[in-house]
Structures are given as C-alpha cells and as structure tokens.
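These notes are about the structure you will find just below.
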Amino acid sequence: KWMNVYVNKLNKKFSKYFEWVNEKKDILLNSEELEIFQFHWVRFAVSIALLDQYYGNKEIRVLELGGYDVSTKLIATYFPKWQISNYSDDLRKPNWNIQSNEFDLILNMEVVEHLTDQYVEKTNNPEYCYDYNGKFIYSGVINCLLESNRILKKNGKIFLSTPNALSYLNLHKMLLGEAPHQWLNHIREYSLPELEELFDKTGLEIRNRECVEVLCADWDFSYIDKIFELTSSE
C-alpha cells in the first residue's frame, strides 16, 4: 500500500522511475537485498531520475563510492552504456589508489553522512590533537571531496545525495523531543549551506540541487509551515 502512496504523491517526473525500480528489483535482487532495502526504492528511483535528467545513457566512465551493491545493480541496468567501477577503500584518507583525471562522473550516494573525521596520533601539540580528535572538523568529508575532484576529468561532475539536516522529518522529530536525525547511526547529516561551504573549500561548485522527500511522502507536515508563518509574523 505504501508504494502506491509514493507513486501518487511523487512528482510525475519521478513516478515512472519508481515503477521501473519496483519492477526490476524483483528480477535483479536476491531475497536478502529485497528485505534490507525495502524502504529505499523511492530513493533509488529519484536518484535514477535525476541521473537520467542530468547525464542520460551516454558512454561515460563512472565511479560509485562504496562497494558493489543494490544501487550499482539498478544503475548499471538503467544506464547500460556507463562503464561503472566501485571504490570502497577508506574514503576519508587522501591519496586514493586511482589515477587523476579518470572519471566523467562520481556517484557519492548516501556516503558523506557516514564519514567520520580522521584520527590524529598524539603529537607534541595537544591543541592540534584536540582539534582533530575532540571536535568534528569535517576532515573525512573534505578529503573525500578533494580526492573526488582530483580523479575527475576536466568538466567532470559529482552526483551527491544525502539526508537534509533541515528536512521536515528532522524538524518534526525535534518538535517531538527526539534527536533531529533521519537515522541515528549517521555521523553527521548536512544542510545545503554546509555542503555549499564544503564544496567551496574543496574547489567544487554546486550547479544543480534538488530537495525531494523520499521517506515520508504520505506524512502531513503542513503544521510546520503554520509554525513558521506564525513566528515570522510576530
């Protein structure tokens, strides 16, 4: 039933991709994968829709950050002309074992929210150690973006998807007295301004952006808009 809700609620430009994922998942995936990813089909559909919109089924070299998984199977099937590789070494560290200027497109899908900072061994400067080990300074994410920039071809692009720290769902949780995270196991969820700052620091530029609800399309968050209207009018 919830699948039908998503199809009806989603923007029409996404619904046909959801129907494609809903059909292909039973062919491409095993029973364990179907169980583990049962609430992810809309996310995959939206990602494929945006990838189709921005890149299409052209002959390009693509690197997906993370191991070969469900997303790889679906994307490789939808875009058969793509030459897709995976990179699952520690993304927080510099000097990835990949040559520079190798890829047209990097898929950074639901990755950055899982990256911790790098740990720094004890040095003669206690403040230096505290900066790296005692507070979150984005070092893991920054290294990931720097290396991504290095291995991209000229005019190459990154497709990055991640939970929005300022989503209605997170605001809803906060108002209920819960921790405002879409998943508590995430290291850090980011707002768009934070991502813009991180991209700027690493020599990247955000050309396109979309905020799409993929978890709670059937939830009514209109009361949050009313709260903002009340507070802004005071």
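Numbers for the structure displayed
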read-out: As computed over region 62-128, the Cα convex hull volume per residue (Å³); value: 114
read-out: Fraction of accessible area attributable to carbon and sulfur, the chain (%, probe 1.4 Å); value: 49
read-out: DSSP bridge pairs, region 51-142: antiparallel proportion in percent, nearest 5; value: 10
read-out: Stretchable slack from Glu19 to Ile206, in nm (0.36 nm times residue separation minus alpha-carbon distance); value: 64.4 nm
read-out: Dipole moment magnitude, nearest 20 debye, the chain about Cα centre, only Lys, Arg, Asp, Glu C-beta charged; value: 720
read-out: Förster radius 25 Å - calculated FRET efficiency between Asn185 and Phe221, Cβ distance, rounded to 0.05; value: 0.60
read-out: At 0.692 mPa s and 37 °C, Stokes D of region 166-228 from Kirkwood alpha-carbon radius, µm² per second; value: 241
read-out: Stokes-Einstein D for region 89-160, Kirkwood Rh over Cα pairs, 20 °C, 1.002 mPa s (µm²/s); value: 161
read-out: Hull volume in cubic angstrom per residue (convex hull over the Cα atoms of region 38-87); value: 70
read-out: Within the chain, percent of DSSP bridges classed antiparallel, to nearest 5; value: 5
read-out: Computed P(r) (all Cα pairs; the chain; 5 Å bins; percent); value: 1, 6, 12, 15, 18, 17, 13, 9, 5, 3, 1, 0, 0
read-out: Cα gyration tensor of region 28-163 - equivalent ellipsoid semi-axes, whole Å, descending; value: 31, 19, 12
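The values are calculated or read from the model by the stated rules, or taken from the named source; none is laboratory data. Quantities reported herein were computed from a predicted structural model and do not represent experimental measurements. Here Cβ is always computed from backbone atoms with ideal geometry, including for glycine, and neighbour counts include all displayed protein chains. Surface accessibility is based on the protein's heavy atoms, side chains included, excluding ligands, DNA and RNA. Shrake-Rupley method; radii C 1.70, N 1.55, O 1.52, S 1.80 Å.
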